[in-house]
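Please read the structure below before turning to the comments.
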Amino acid sequence: MKFETIKRVILAAIMLPFVFMLIEGVVVIRSSVNQYWNLEKDRQFADVLARGGSIAATEILTEIGATRRYLAHPSSRTAIDMQQSRVTLDRERRAFYASLPSRDALDEGLVGELSILSLAYSRIVAARSAVDQGRYTGSDPGSIYWYAALKQLAVVDALSPLISDPVLLEKSNQLMGILLTYYGERLITGIGTRYLDQGASARLPVELFVQGKVMLGEGMDHMVFHSSAPVVRHIVAYLGRSSQVKADAITDAILAGSRPTRAVHDVWAAAQSERMSFLQQKMIEAAKDIHETGENLSTRSHIHLTRILALCAGLLILATLVLLLAAKGLRLIDRLTQDRETLVGELRSAAQTDLLTGLYNRRGFEVAASALLTQAEHGSRWISVVLFDLDHFKKINDVHGHDAGDAVLRHVAGVARENFRSFDLLVRHGGEEFLALLPDSTPDDAAIVAERVRLAIEAAEIPLPSGDVLKMTASFGCAGRANEATNRNFEDLVKRADLALYAAKASGRNCVVSGPILPAPVQEKRRKAASGGGFDSRI
């Protein structure tokens, strides 16, 4: 079996079970995260419910009473009480809005109720300004506050469909039922009291009175239908007392148009006042209970988050262990594969590479050059050959020894590799002779590249094993062949480059010659013009 096949089998045996386990873990974590966010959302809604219920049950009613007292008896004391009630309501109202989730988490119905609530509060602000400036002309500012209180109730009621926790949902319904019951009773008490106090000529505002009765009935139905909690049983038991039943009978009589005696009036007023205090206390208790439920949800959400983090940590540790084992196995296989490929590569490279310079030898060059020559025949217009030889190399071996000669060959090969183009093919042709195959290059192009290499070799300082530094020059011959040339024999191209190299040596060495040999006088003239360097172009 091949190493790659073994590698795939081992990787599959390790990773497939892990992948399935990882998917299952991600599903569990995702479900847990959703539960956590639901708990956090409900905790936030619990805070909103508690604050909204408190505003409707306490702060709005407190400001109604303080404003009425100030309008009835203006004094510094009543003014201070009124201002304090305003500060408290504004503070709680800001806290209520701050506790709301972002608008993205709210449905359109709740957003609409919040907009109406803002308008209701703006009416309260306008009424405050009129009271402060002595311009308030209304009979009773209570209607403005009542409207805001009812809109506050509507917001609290609109939150219920967004709640996921069943306990919080039940307590939300309890609070809503108590609030509706209280405000229905308050509306009935206020209208009935003013009607009875105004004398026989007064007319009962039947529509408002009926509205209070309807609100009262909705509140009771809301509580009884949605909850059987102790607080609901307490309210039902309280309203079943004989004094409260008698008060309900008097209320029905008033609605029917009867005007009770003063004694009956006093009994009814006392019973209603006691009922209002009882319901207000229950509202406060229900709002506090919701706040405590929110704290409980917060604790549960933090515990849930801790479990999620523990699950993630466990899954991460498991994944790390599996990956480490897989990596260790794969490294072992890779090392074996790499050792084998290295051995094969070394054997192949040894057969195609000159061990001294690291360039192609003739065998390797033939394999690599065949593709470039085929490309030249089918696409490229030109292909050129540069043949260069180190000047007076034999003297280096004779004077400094063969180790120095080897060092020179290695260094020159490196300089040539750096200065030929990246796609040129460079080979050690034999001894101190090198050959480069330049695709898509005319003889003039090849001569320009060869001149760059010549200058680099001439400028190089070559360190010898003895510690000495040696300078070296080289002679270059260039020849090229067009695609449309009739003679496409590569050996002929090399021979023409060899003739150009011979011309370069005959011209005094350390130069570049391109094309056929020129007459000697022209050679000498161009060599002198180049001052010992440059290249001659003979086309």
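The table for this structure:
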read-out: Looking only at the stretch 279-300, and only at residues there that are more than 26 Å from residue 239 (Cβ to Cβ) and touching a Leu at 6+ places or on another chain (Cβ under 7 Å), the one that is surrounded by the fewest Cβ atoms within 10 Å (Cβ to Cβ); value: 300
read-out: Residue list for the stretch 257-312, filter: charged (D, E, K, R), touching a residue at least 40 places away in the same chain (Cβ under 8 Å) and more than 30 Å from residue 34 (Cβ to Cβ); value: 259, 275, 282, 285
read-out: Number of positions in the stretch 101-154 that are loosely packed, with under 14 Cβ neighbours inside 10 Å, farther than 19 Å from residue 69 by Cα and β-branched (Val, Ile, Thr); value: 1
read-out: Meets criteria (out of contact with any His (no Cβ under 7 Å at 6 or more places or on another chain), without any contact (Cβ under 8 Å) to a residue 60 or more places away in the chain and in a loop (DSSP other than H, G, I, E, B)) for residue 208; value: no
read-out: Test: residue in the stretch 178-189 that is free of Cβ contacts under 8 Å to residues at least 24 places away in the same chain and over 15 Å from residue 272 (Cβ atoms); value: no
read-out: Filter result for residue 43 (touching a residue at least 40 places away in the same chain (Cβ under 8 Å), surrounded by 14 or more Cβ atoms within 10 Å (Cβ to Cβ) and touching a helix residue (DSSP H, G or I) at 6+ places or on another chain (Cβ under 8 Å)); value: yes
read-out: Condition met for residue 331 (touching a residue at least 40 places away in the same chain (Cβ under 8 Å) and assigned to a helix (DSSP H, G or I)); value: no
read-out: Test result for residue 174, within 55 Å of the chain's Cα centre (by Cα), surrounded by fewer than 21 Cβ atoms within 10 Å (Cβ to Cβ), within 21 Å of residue 61 (Cα to Cα) and not charged (D, E, K, R); value: no
read-out: Qualifying position, being modelled with pLDDT of 80 or more, among the aliphatic types (A, V, I, L, M) and over 30 Å from residue 170 (Cβ atoms), among 247, 256, 237, 200; value: 256
read-out: Residue check, residue 69 over 27 Å from residue 180 (Cβ atoms) and basic (Lys, Arg); value: no
read-out: Qualifying positions in the stretch 214-228 - surrounded by 18 or more Cβ atoms within 10 Å (Cβ to Cβ) and within 20 Å of residue 192 (Cα to Cα); value: 215, 216, 219
read-out: Any hit, the stretch 190-199, residues being touching a Ser or Thr at 6+ places or on another chain (Cβ under 8 Å) and over 21 Å from residue 292 (Cβ atoms); value: yes
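Yes/no per residue for (1) more than 24 Å from residue 156 (Cβ to Cβ); (2) without any contact (Cβ under 8 Å) to a residue 60 or more places away in the chain; (3) outside the structural domain of residue 44 (by TED's automatic domain parsing):
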residue: 75; (1), (2), (3): yes, yes, no
residue: 87; (1), (2), (3): no, yes, no
residue: 95; (1), (2), (3): no, yes, no
residue: 104; (1), (2), (3): no, yes, no
residue: 111; (1), (2), (3): no, yes, no
residue: 133; (1), (2), (3): yes, yes, no
residue: 136; (1), (2), (3): yes, no, no
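The values are calculated or read from the model by the stated rules, or taken from the named source; none is laboratory data. Just so it is clear, the model here is predicted, and its values are computed rather than measured. Methodologically, a virtual Cβ is constructed for each residue, glycine included, from the backbone with ideal geometry; neighbour enumeration extends over all protein chains shown.
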